[in-house]
Amino acid sequence: RIPLLVRWPGVTTPGAVSDHPVILTDLLPTLLEAAGQNLSTTTGPLDGVSLMPLLRGGSLPTRDLW
């Protein structure tokens, strides 16, 4: 496991720690949402989920595991 570090002044809380697992495919939907794009109309189906709620101090829904 490799930690993901995010620094985004005004969005993330300094020193916050989350143990929620994220994967590389979460970065594309996160960056698209951060850029103001509507994920449902901008792209086709994506494997990842946007991490924006997590970055803003919230939580993400539980992932379906195979």
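Could you tell me which numbered condition residue 12 fails, if it satisfies all but one of (1) modelled with pLDDT of 85 or more; (2) under 12 Å from the mean Cα position of the chain (by Cα); (3) open to solvent by 90 Å² or more (accessible area, probe 1.4 Å)?
(3)
Sort out for me the helices (runs of 4 or more DSSP H) sitting completely within the range 17-66 that have 1 or more residues that are closer than 21 Å to residue 2 by Cβ and either open to solvent by 60 Å² or more (accessible area, probe 1.4 Å) or of a type outside the set (Asp, Glu) (or both).
27-34, 52-55
Need pairs with beta-carbon distance below 8 Å; first residue in contact (Cβ under 8 Å) with a residue 40 or more places away in the chain and within the range 19-46, second open to solvent by 70 Å² or more (accessible area, probe 1.4 Å) and of a type in the set (Asp, Glu); sequence gap 6+ or separate chains.
As it stands, the answer is none, since no pair meets every condition given.
Among the residues in the range 12-20, are any out of contact with any helix residue (DSSP H, G or I) (no Cβ under 6 Å at 6 or more places or on another chain), closer than 21 Å to residue 63 by Cα and β-branched (Val, Ile, Thr)?
Checking the range 12-20: at least one residue is out of contact with any helix residue (DSSP H, G or I) (no Cβ under 6 Å at 6 or more places or on another chain), closer than 21 Å to residue 63 by Cα and β-branched (Val, Ile, Thr).
The values are calculated or read from the model by the stated rules, or taken from the named source; none is laboratory data. These numbers were taken from a predicted model, which means no experiment stands behind them. Cβ sites come from the backbone with ideal geometry, for glycine too, and all protein chains shown count toward neighbours. To get the accessible areas, we keep the full protein, side chains included, count just its heavy atoms, and leave off ligands, DNA and RNA. Shrake-Rupley method; radii C 1.70, N 1.55, O 1.52, S 1.80 Å.
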